[in-house]
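Worksheet: the structure to be examined is printed underneath.
The values are calculated or read from the model by the stated rules, or taken from the named source; none is laboratory data. As the structure is a prediction and not an experimental result, all values here were calculated from the model. Reconstructed Cβ throughout: ideal geometry from the backbone, glycine too, with neighbour counts over all protein chains shown. SASA here: full protein model, heavy atoms, side chains in, ligands and nucleic acids out. Shrake-Rupley method; radii C 1.70, N 1.55, O 1.52, S 1.80 Å.
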Amino acid sequence: MKVSLLPELNDSNLDVNQSSSQRQLAVSLTAKVENLDRSVPLNLCLILDHSGSMNGRPLETVKKAANRIVDRLKNGDRLSIVVFDHRAKVLVPNQEIEDREGIKQQINRLSADGGTSIDEGLRLGIEELAKGKKEAISQAFLLTDGENEHGDNNRCLKFAQLAIDYSLTLNSLGFGDNWNQDVLEQIADAGGGSLSHIAQPEEAENKFSQLFSRIQTVGLTNAYLLFSLMPKVRLAELKPVAQVYPDTIELPVQQEADGRFAVRLGDLMKDSKRTVLANIYLGQFPEGNHTVAQIQVRYDDPVSNMTGLLSDTIPIEINAVGTYQPFSNPQVQPHVLALAKYRQTQLAEAKLQQGDRAGAATMLQTAAKTALQMGDSGAATVLQTSATRLQSGEELSEADKKKTRIVSKTTLQDS
């Protein structure tokens, strides 16, 4: 399995008379299947909240969703289940899928009680995942309906960083309306996974199924996008790189010993792309074609159990011209808009926290218009509805706030 790498600038022409120009570089990446590739086993850990607030239909629907996952796992796949209230315990130790009925009986015996300690659940979940990660796609589904009242949110984020070191991916599912969106989003972003919202109990099975289908397409893991910048070229100082598809995530940039800039992407899918948008500044160039950067991907291949593999190096070229006409690349523009929608919604949230309801409403309207420009009518409706509620003097409910954040950042559609 190899990497397919497609870079595109929003405008590949450059004005020779400009001392500084800004460009957006979109890079789409896919794991490229080769004829002899075999499927890689999954190593999945379910980290499930069974605190008192999950009592009744919430826990029953989660147990049903977990049982469905057990049915969908193939022979050779591995599963572990960790459950937590104000403590955490290993319900099903990491094991190859064989005794499906025995695992389901363990799940079905779960009852709701106690408080919530997410970090202890994460700690045990990472320990269980790490036991089966060799030559496997290792993923966790973390589900909770509450605040981390018996735990430490900073500890959660440290565990998410630890998951990266182990090449594990963490996905978060917020159940209902009372979970801490900031914490679950930070766990998913740091852990290279996605954030999902289960608004109603009956949605649990569908959301689990969506995530499971998505991780079945993972082909390569622990991927880093590497940038080599030529003289007179630099990354933007503030938020230079973001993933814009399938989820919008601000990505940290690290400089390596050889001077290249590295951005961790995590998993690459076999049949769907990941797209990253980099904000770069170019100095003045003489007329003609110039290579301004080179990109490469470093990755692990779980099929061969090989690490630190390198893709081909791809040059990024611009054409400096004396008679310059601006050009907006239609392939890149939707990615620019996706990032703008996310950041405009973030600004709206910040204004709302500061008590500036009018400013928040205005920014949400702007985000709604951006969503329409990119053809995301569903997000536009949610964003505009929230703006209208603020303008009419209403408060945004917890459900409204969560729905607004989710549509601003994700393209994981209902199936």
### Query
K239: which aspartates and glutamates have alpha carbons under 13 Å from its alpha carbon, excluding same-chain residues fewer than 8 sequence positions away?
E250
### Task
Measure off 7 Å from each Cα along the Cα-to-Cβ vector at T388 and T313, then give the distance between these two points in nanometres to one decimal.
5.5 nm
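Is there a pair in K273/K409; K64/K403; K74/K131 whose C-alpha atoms are over 20 Å apart, and which pairs would that be? Write out the running numbers ahead of the final one.
Details: K273/K409 16 Å; K64/K403 24 Å; K74/K131 18 Å.
Too far apart for the 20 Å limit: K64/K403.
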## Note on the structure
Under the Karplus relation with 6.51, -1.76 and 1.60 and θ = phi - 60°, whole-Hz ³J(HN,Hα) for region 334-339, x at Gly and Pro, equal x, 6, 4, 5, 4, 5
### Task
Give a residue-ordered list of calculated ³J(HN,Hα) values for region 111-123 (Karplus: 6.51 cos²θ - 1.76 cosθ + 1.60, θ = phi - 60°; whole Hz; x for Gly, Pro).
10, 9, 5, x, x, 9, 9, 5, 5, 5, x, 4, 4
### Message
With every protein chain kept in place and ligands, DNA and RNA left out, what is the accessible area per residue of region 291-415? Probe 1.4 Å, answer in Å².
### Response
50 Å²
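Please give the per residue accessible area of region 140-278, computed with a probe of 1.4 Å over protein heavy atoms only, in Å².
Working: 5130 Å² over 139 residues.
Solvent-accessible surface per residue comes out at 37 Å².
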### Summary
Of every hundred units of 1.4 Å-probe accessible area on the chain, the number belonging to carbon and sulfur atoms, as a percent, is 46 percent
#### Entry: Gain on full stretching of the segment that runs from Q294 to L162 - 0.36 nm per residue minus C-alpha separation
44.6 nm
### Message
Quick query: amide H of W179 versus all other amide H atoms, modeled in the peptide plane; which residues come in under 5 Å with a sequence gap of 5 or more or a different chain?
### Response
none
### Dipole-positive endmost among N171, Q161, Q254 within region 148-267 (Cβ charges, Cα centre)
Q254
### Query
Hey, how many Å between the Cα centroid of region 212-226 and the Cα centroid of region 329-358?
27 Å
### Task
Sort 200-211, 17-28, 120-131 for me by packing, meaning the mean count of neighbouring Cβ atoms within 10 Å per residue, highest on top.
120-131, 200-211, 17-28
### Task
Quickly work out the E149-to-S4 label distance, labels modelled 7 Å from Cα along the C-beta direction, and quote it in nm with one decimal.
4.9 nm
### Query
Using +1 on the beta carbon of Lys and Arg, -1 on that of Asp and Glu, and nothing else charged, what's the dipole of region 236-294 about the Cα centre, debye to 20?
140 debye
### Query
Taking square-rooted eigenvalues a ≥ b ≥ c of the alpha carbon gyration tensor, is the chain rounded, prolate or oblate, where a/c under 1.5 means rounded and, failing that, a/b exceeding b/c means prolate?
oblate
### Query
Could you give the angle, 0 to 90 degrees to the nearest 10, between helix 204-215's Cα long axis and the longest principal axis of the Cα atoms of the chain?
50 degrees
### Message
Output the 0 to 90 degree angle, nearest 10, between the alpha-carbon long axis of helix 153-165 and the longest principal axis computed from the alpha carbons of the chain.
### Response
70 degrees
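Which of the pairs K63/K402; K134/K401; K104/K401; K89/K134; K133/K232 have their Cα atoms more than 32 Å apart in this structure?
On the way: K63/K402 24 Å; K134/K401 40 Å; K104/K401 35 Å; K89/K134 23 Å; K133/K232 43 Å.
Table pairs above 32 Å Cα-Cα are K134/K401; K104/K401; K133/K232.
Shape call for region 163-314 from the C-alpha gyration tensor, a ≥ b ≥ c root eigenvalues: rounded (a/c under 1.5), prolate (a/b greater than b/c) or oblate? Mind showing how you got there, number by number?
Numbers: a/c = 2.50, a/b = 1.76, b/c = 1.42.
Judged from the Cα gyration tensor, region 163-314 comes out prolate (a/c at least 1.5, a/b above b/c).
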### Summary
Charge dipole of the chain built from unit charges on the beta carbon (Lys, Arg +1; Asp, Glu -1), centred at mean Cα; most positive-end Cα among A236, G219, I316 is I316
### Message
Charges at C-beta only: +1 for Lys and Arg, -1 for Asp and Glu. How large is the resulting dipole of the chain about its Cα centre, in Debye rounded to 20?
### Response
340 debye
